[in-house]
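Okay, so here's the structure we're looking at.
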Amino acid sequence: MKTLWSIVFLLLTTGIVNAQDVLKGSVHEVGSNDKMPDVFVRDVNNKQTATLTDKNGNFEIRTATGHTLIFDSPGYISDTLYVIDMKPKKVEMKSMSIALREVNINTTKREAFDPQKEYPEVYEKSKVYVMSPSTWFSQEGKNARRLKKYFATEAQQRHIDEVYTKSYVGSIVPLKGDDLESFMTLYRPTYAFLRNNNGPSLVAFINDSYKKYMALPVDKRKLARLTDN
């Protein structure tokens, strides 16, 4: 019986240690090989686990073998990493501005995202208390506040996606396919603009942008495609 309990204890502790392994790595932009700061890294098998790459494009995240990590950054195609071991990883991401996907970027609906529900610990750790100096300067608190800021930006981008759709823009300008996607990427409205302007103002913005688009040299209207090596 003692031997049996020893085996059970060993399995449990092994599982705990494995679940707490830290995976390190870096994120680079394809082509330029530049490291990318502020890339959102999340573990889809444990939604409480998330982080951002630092100013040098490096990341550390608690995960385990068999888990899947997703890398997101505004303006880039999301990348997926299946964790087969805990060796340092080099992740490469393609810019949407130079690598249009075959699928429709703007009409592909992203999954519903409620960061306050999925990552409540981030919002709790991001709080600053006057009588608790440790909350001002702790690395954990700083990381949480960076994530909270990222979540706010992501929410804004998703709002733009909901309003500035391919079907809507395509009903205003005579563009289709890659031409429409290039136009929408080159002349994407800001969140502040959409918050402070009504429908007619957005129509005016699109029409004005279309005039600017048509005034460009033909070779400047197309976003270059990046071919895989």
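A few points about this structure:
- Selection of strands (runs of 3 or more DSSP E) fully inside region 22-77 by the criterion of at least 1 residues being over 16 Å from residue 140 (Cα atoms), open to solvent by less than 50 Å² (accessible area, probe 1.4 Å) and at pLDDT 90 or above returns 22-29, 40-43, 68-72.
- Selection within region 78-96 - assigned to a strand (DSSP E or B) and open to solvent by less than 40 Å² (accessible area, probe 1.4 Å): 81, 89, 91, 93, 95
- Any hit, region 137-152, residues being modelled with pLDDT of 75 or more and in contact with a Pro (Cβ under 6 Å, 6 or more places away or on another chain): yes
- Close contacts from region 54-79, counting a first residue that is closer than 18 Å to residue 154 by Cβ and a second that is open to solvent by 50 Å² or more (accessible area, probe 1.4 Å) and among the aromatic types (Phe, Trp, Tyr), with Cβ to Cβ under 9 Å and a gap of 6+ residues or different chains, come to 69/82.
- Helices (runs of 4 or more DSSP H) fully within region 166-228 that include at least 2 residues being open to solvent by 50 Å² or more (accessible area, probe 1.4 Å), within 27 Å of residue 32 (Cα to Cα) and of a type outside the set (D, E, K, R): 177-186.
- Filter result (under 14 Å from the mean Cα position of the chain (by Cα) and either modelled with pLDDT of 85 or more or crowded, with 16+ Cβ neighbours inside 10 Å (or both)) within region 97-133: 115
The values are calculated or read from the model by the stated rules, or taken from the named source; none is laboratory data. Not measured: the values here are computed from a predicted model. Positions of Cβ are backbone-derived with ideal geometry, glycine not excepted, and every protein chain shown enters the neighbour counts. Each accessible area value is taken on the protein alone, full model and side chains, heavy atoms only, with ligands, DNA and RNA left out. Shrake-Rupley method; radii C 1.70, N 1.55, O 1.52, S 1.80 Å.
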